[in-house]
Amino acid sequence: MRKILVTGAMGQIGSELVSQLREYYGTSNVIGSDLWKKDGEEGPFEIVDVTDEKAIHDAAKKHKVDTIMHLAALLSAKAEAVPKIAWDLNMGGLINALEAARDLDLQFFTPSSIGAFGPTTPKKNTPQKTIMRPTTMYGVNKVAGELLCDYYYYRYGVDTRGVRYPGLISHVTPPGGGTTDYAVEIYYEAMKHKTYTSYIAQNTYMDMMYMPDALNAIIQLMEADPGKLVHRNAYNISAISAAPEDFAKAIRKHIPEFELAYDVDPVRQQIAESWPDNLDSSAAAEEWGFKAEYDIDKMTADMLTKLQVK
Ligand code: NAD
Ligand code: AKB
């Protein structure tokens, strides 16, 4: 039975990943960790600052885990506001977590992002192997992070694995300061006010994915036969290529009076324009069977149902 330490467990992904992993592997086998803990949070948990190498190592050793899932990071928009802090957290935290994995012989997962690509990357059906010259601090961290995970695999034999996530859409924990956050906010505002003002301009396409597909991808990749993993640290995965008006169209099938307006934020718009429209995820499909279940309509129906209950 696997035993897992999750860093950044209070975030958009971590809060749902920990629950899903506990259903799959048992509550006592999944240790959440973060800088803080939500009231009422149940199950094993450690306060761990990932910039403190000893703290990650001690938590992993104390709970005798065999896997680290490293999620603690600053996302693109926040990172652009504080680039040096982003470097220290995104790169410092990553190397600390990798060092714990190396020393304790642990399997390792960390997500990369569509943010690893840049304005000179082919935008449509972006290949698995292509030009990667991002123009954001977040993107620089993500490309460097992919390479660092490769290095720990080749140099030390650490079983590192990772995916390049699209923007993730979910209804449990709000996103933490990315460029794709509008695609979550639009659902909350549709439910509350039947109107949304988008900071991303019309006709700006980005890759998006519903959280259940994102979580299944982690479990599937971590359980995959290592002999088949050629692109082990940076699989393109893709589900929904959409612009703000596509979300509005899908929402209007449930809330016909929904209105979409625009008030573009130049910083996040520039980041969005530097990212691909959609990724080619054939390597992930071939090497470990990745397949997204949710398209924009299926996701929208589920999001609105879940938010209504909430
Ligand atoms: P998030 O911002 O929602 O959560 C990050 C968590 O890290 C927070 O709970 C925060 O408290 C914690 N954290 C911050 N500093 C820390 C520190 N020093 N020590 C320990 N914990 C700290 O992020 P997320 O959306 O859950 O993203 C997780 C990972 O997935 C990141 O690497 C991110 O780049 C990647 N990713 C996310 C998306 C997305 O759309 N959410 C898309 C692509 C990639
Ligand atoms: C962000 O917008 O920063 C994230 C991501 C795509 O990495 N959602």
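The values are calculated or read from the model by the stated rules, or taken from the named source; none is laboratory data. This structure is a prediction, so every number in the text was calculated from the model and none was measured. As a convention, Cβ positions derive from the backbone with ideal geometry for all residues, glycine included, and neighbour counts pool all protein chains shown. Accessible surface is based on the protein model in full, side chains and every heavy atom, while ligands, DNA and RNA are left aside. Shrake-Rupley method; radii C 1.70, N 1.55, O 1.52, S 1.80 Å.
The residues of the chain present an accessible area of 43 Å² per residue when probed at 1.4 Å with all protein chains retained. Over region 126-237, what portion of Cα pair distances is larger than 16 Å, expressed as a whole percent? Beyond 16 Å sits 69 percent of the P(r) for region 126-237. Between T305 and I219, the FRET efficiency from the beta-carbon distance, with R0 = 22 Å, is close to 0.40. Annotation: peptides 199-211, 54-66, ranked by per-residue average of other Cβ atoms within 10 Å with the highest first, follow the order 199-211, 54-66. Once every DSSP H run of n ≥ 4 in the chain is given -39500 (n - 2.57) and the sum is divided by its residues, what mean residue ellipticity at 222 nm do you get, rounded to the nearest 500 deg cm²/dmol? So the helix-based figure for the chain works out to -13500 deg cm²/dmol.
What trypsin sites (Lys or Arg not before Pro) in region 108-190 are in a loop by DSSP, with at most 11 other Cβ atoms within 10 Å of the Cβ?
Details: sites: K123, K124, K129, K142, R155, R161, R164; in loops: K123, K124, K129.
Loop-located and lightly packed - K124, K129.
Spacing of the modelled spin labels on L104 and T173, each 7 Å from Cα toward Cβ, amounts to 1.9 nm. Using a Gaussian network model of the chain in which every pair of alpha carbons under 10 angstrom is joined by a spring, one finds that among T160, T51, T130 the greatest mean-square fluctuation is at T130. If I build a Gaussian network model for the chain, linking alpha-carbon pairs within less than 10 angstrom, which residue out of A217, A72, A261 has the largest mean-square fluctuation? Among A217, A72, A261, the largest GNM mean-square fluctuation belongs to A261.
Region 168-223 and region 31-92 have Cα centres lying 22 Å from one another.
On the chain, 52 percent of the accessible area sits on carbon and sulfur atoms, based on a 1.4 Å probe. Taking packing as the residue-averaged number of other Cβ atoms within 10 angstrom, the listed peptides 174-185, 241-252, 290-301 run from highest to lowest as 174-185, 241-252, 290-301. Two numbers describe the Cα atoms of the chain: Rg and Dmax, which are 18.6, 57 Å.
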